[in-house]
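Chemist: Below you'll find the structure I mean.
Read-outs throughout are calculated quantities, based only on the coordinates presented, and are distinct from any laboratory measurement. Remember, it's a predicted structure, so these values are computed and weren't measured experimentally. Cβ placement follows ideal geometry from the backbone for every residue including glycine, while neighbour counts extend to all protein chains displayed.
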């Protein structure tokens, strides 16, 4: 029963609580037992709040017994990425430079909404230092590992969240995505993750990476992501970038399918190098949409590699992070972060403003592209998960994490909703992700398309029995 409870999606947990088939306390105990067994192997959590989680589960159990749940996620275990403020817990951001004593008096908007809806907060998941790269290791917590193969990385920067989800250490996780940090680990670990339209999920404090940084759900089913969006997208006045709350129920229309949609499929965006095995798997996945009644056409969106533009937004943010830290403390920081911060310091106002203009041109191009196409499909990543503890798969071909994430960061620049959904496995048994990109404000459309694919191609999780712990 414990293993079954750990594998159930949030929608099934809520239904089970309503039927009194099991209780939030039973589920939380099962998840905590799974964490006890597997976290020493995977290093997904840096903080497990056992007492608080059990107390929250007991309170939820009482509410369900009385027939009055507190909200949409009452009693559902959720993990929080350690870049998001969480009242009473240190938010260390993968860094030895932050004082764990705090004070820690405030919740980030996503955390506040989860509490208000009765979610059971399990603890904080690992991240690279200040979320700076697409894999998850840090001077503070060491290396986080992939449940499909612990020798491999789960990706990042929401790698702890992904490893926890894929291993059954909770059904829901909150991630952040400033260049792919939800979609990268979901692709590497066989999960669903949505980077919503910028501003749809409120965020606070403002990210040092600026307006490329999003907050969103990471789940094992598309329906769970829709349920989670109903909570995360609630308004918070602290986010001055926040979009007006539209009151949407993201579950409505989720099963409407893709028949009649106009979908573009780009194998490489016109310039990216993709592993042939990954390319074949993603091409087969794109055909599924045609089988489901969509009009699928091979079509690149028509822009060149956006890495120079993205770097001029991202690297100055890294420089701002490091600049705020006392020089003596910098000796304990990730050398890679310090290197990109030095690059960021060399980017002047003229270069930055030029990049802002080019970003606007890219955004306008994609707005026009989506007048012709409802959705764009690409690989989520051009390669499968590589060895844990490395920033890149091959130092002869790649210098930084941005060299192997060509499909993710362009859509942080454009602020469009984009999701990764698993679409197959390599011969080595590693997950492959399909990237679904929608027009700005088309979050519900992305979820609907992802659900149609999921119904035809159900997600599969690794067997935790194969992990030694």
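Chemist: If you take the beta carbon distance between residue 395 and residue 66 as r and set R0 to 51 Å, what does 1/(1 + (r/R0)^6) give as a FRET efficiency, to the nearest 0.05? Kindly include the intermediate steps, with their values, before the conclusion.
Modeler: Working: r = 59 Å, r/R0 = 1.16.
The computed FRET efficiency comes out at 0.30.
Chemist: Place a point 7 Å from Cα of residue 465 in the direction of its Cβ. Which residues in segment 1-33 have their backbone N less than 18 Å from it?
Modeler: What the label zone holds, given the 18 Å backbone N cut-off, is 1-8.
Chemist: In addition: Could you tell me the center-to-center distance, by alpha carbons, between segment 121-189 and segment 202-249 in angstrom?
Modeler: Using only Cα atoms to place each centre, the spacing works out to 19 Å.
Chemist: Counting pairs of Cα atoms in the chain, how many percent are more than 44 Å apart? Before the final figure, lay out each step's value.
Modeler: Numbers: 6829 of 109746 pairs.
For the chain, the share of Cα pairs beyond 44 Å comes to 6 percent.
Chemist: Find how much the distance from residue 339 to residue 457 grows on full extension, using 0.36 nm per residue of separation minus their present alpha carbon separation; answer in nm with one decimal.
Modeler: Values: separation 118, 0.36 × 118 = 42.48 nm, distance 4.17 nm.
Difference between extended and current length: 38.3 nm.
Chemist: Let me ask something additional. Ranked highest first by the average count of other Cβ atoms within 10 Å around their residues, in what order do 124-134, 298-308, 183-193, 237-247 fall? Show your work: numbers first, answer last.
Modeler: Numbers: 124-134: 29.9, 298-308: 15.5, 183-193: 32.8, 237-247: 12.8.
The densest-packed peptide leads the list: 183-193, 124-134, 298-308, 237-247.
Chemist: I would also like to ask the following. Per residue, what volume in Å³ does the Cα convex hull of segment 105-163 take up? Before the final figure, lay out the partial values.
Modeler: Values: hull volume 6.1 nm³, N = 59.
So the per-residue Cα hull volume is 104 Å³.
Chemist: Now for a separate question. What's the FRET efficiency of residue 426 with residue 367 using the Cβ-Cβ distance as r and R₀ = 41 Å, to the nearest 0.05? Don't jump to the answer; show the numbers that get you there.
Modeler: Numbers: r = 35 Å, r/R0 = 0.85.
My answer for the efficiency is 0.70.
Chemist: How long is the gain from residue 7 to residue 255 if the chain were fully straight, where each residue apart is worth 0.36 nm and the alpha carbon distance is subtracted? Spell out each step's value before the answer.
Modeler: On the way: separation 248, 0.36 × 248 = 89.28 nm, distance 2.24 nm.
Gain on extension, residue 7 to residue 255, equals 87.0 nm.
Chemist: I've got another one for you. Multiply the residue gap between residue 51 and residue 241 by 0.36 nm, knock off their C-alpha separation, and tell me the result in nm, one decimal place. Let's see the in-between values first.
Modeler: Numbers: separation 190, 0.36 × 190 = 68.40 nm, distance 3.54 nm.
Answer, rounded to one decimal: 64.9 nm.
Chemist: Along the Cα-to-Cβ line of residue 346, 7 Å from the Cα, sits a label point; which residues in segment 324-340 have backbone N less than 13 Å from it?
Modeler: 339-340, by backbone N distance to the label point.
Chemist: Let me ask something else about it. Return the Cα extents of segment 22-112 along principal axes one, two and three, sorted largest first, each rounded to a whole Å.
Modeler: Largest first, segment 22-112 extends 46, 31, 18 Å along its Cα principal axes.
Chemist: Right, something else. Run the Debye formula on the Cα coordinates of segment 365-454, all scatterers equal and no solvent, and tell me log10 I(q)/I(0) at q = 0.22 1/Å.
Modeler: Computed log10 I(q)/I(0) values: -1.09.
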